[in-house]
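**Q** Below are the structure tokens for one structure; questions will follow.
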Amino acid sequence: MSLTPEKIERLADKHDLNPSGNIPWKKICVGGSDDHSGIFIARAFTCGPSSGTASAFMDVIWYGHGTVGGEDGDALMLAHSIYGVAYRFYQEHIGPKTRQSPFVDMLVNKYLSAQPKKLSLREIIRFFIKKNLPDSKNGQNEISFEETLDRELKNIFRDQSFLNRLDSIDVNRKIFSITSYLANRMIEQNAIRTPDIYSTIFNPLNR
């Protein structure tokens, strides 16, 4: 740890706080996943000598005899967790109101899931039929947000070079790459629909 008595004293004076304990510069380290998405549960954890009971293990932590194990978090892992929460929101609040896109299920299952499920023959056939159907002839202003998202998801599966790149990177980078692609495309499509609004936002001197 990088804390020293001098640093603790300086921080206490700066923030007008009284340090807790007799040796406040000595901190006990514990590990935990702090997982909010259900994706990284127990990827980081606290270890200790074999104790046999929960009470004995808590004593190990209390007296600072535990060690940290597992994986470190990073910005990509945080992004993965946020996207996981967003996907569950989609499933619970948007999916039931519409016929959920087969591209969402295929994308999540094939590239983003830690434990891919086996798709039924019906799901696979529906995916390939929709993938190969021609796009709607409706103009950009005539299709909904969900239809635009569905179209852009379809374009991912038509872009073999992009899919090949996904195969060579870890799951967190896959999620970042896919969501960045989709976000950029959705922003671009909405800019096409409402050019006046976007020109005002990105060119404020033109007002």
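**Q** Could you grab me the full set of residues in segment 35-48 that are modelled with pLDDT of 85 or more and either exposed (fewer than 12 other Cβ atoms within 10 Å of the Cβ) or of a type in the set (Phe, Trp, Tyr) (or both)?
**A** Selection gives Phe45 alone.
**Q** Sticking with this one: Looking at Gln100, Gln115, Gln160, Gln140 in this structure, which one is over 30 Å from Ile28 (Cα atoms), within 18 Å of the chain's Cα centre (by Cα) and either at pLDDT 65 or above or not assigned by TED's automatic domain parsing to the domain that holds Phe57 (or both)?
**A** Gln115
**Q** Since Pro5 meets every condition but one in (1) at pLDDT below 85; (2) surrounded by 10 or more Cβ atoms within 10 Å (Cβ to Cβ), which condition does it not meet?
**A** Failing condition for Pro5: (1).
**Q** Can you name the number of the only condition in (1) touching a Gly at 6+ places or on another chain (Cβ under 9 Å); (2) modelled with pLDDT under 70; (3) outside the structural domain of Asp150 (by TED's automatic domain parsing) that Ser51 fails?
**A** (1)
**Q** Would you point out the residue of segment 165-207, among those that are surrounded by 11 or more Cβ atoms within 10 Å (Cβ to Cβ) and among the basic types (Lys, Arg), that is modelled with the highest pLDDT?
**A** In this case the residue turns out to be Arg165.
**Q** Pull up segment 148-164, narrow it to residues that are surrounded by 14 or more Cβ atoms within 10 Å (Cβ to Cβ) and among the acidic types (Asp, Glu), then point me to the one that is nearest to Met186 (Cα to Cα).
**A** Result: Glu152.
The values are calculated or read from the model by the stated rules, or taken from the named source; none is laboratory data. The model shown is predicted, which means the values in this text are computed figures rather than measured ones. Every residue, glycine as well, gets a Cβ built from its backbone with ideal geometry; the counts of neighbours run over all protein chains shown.
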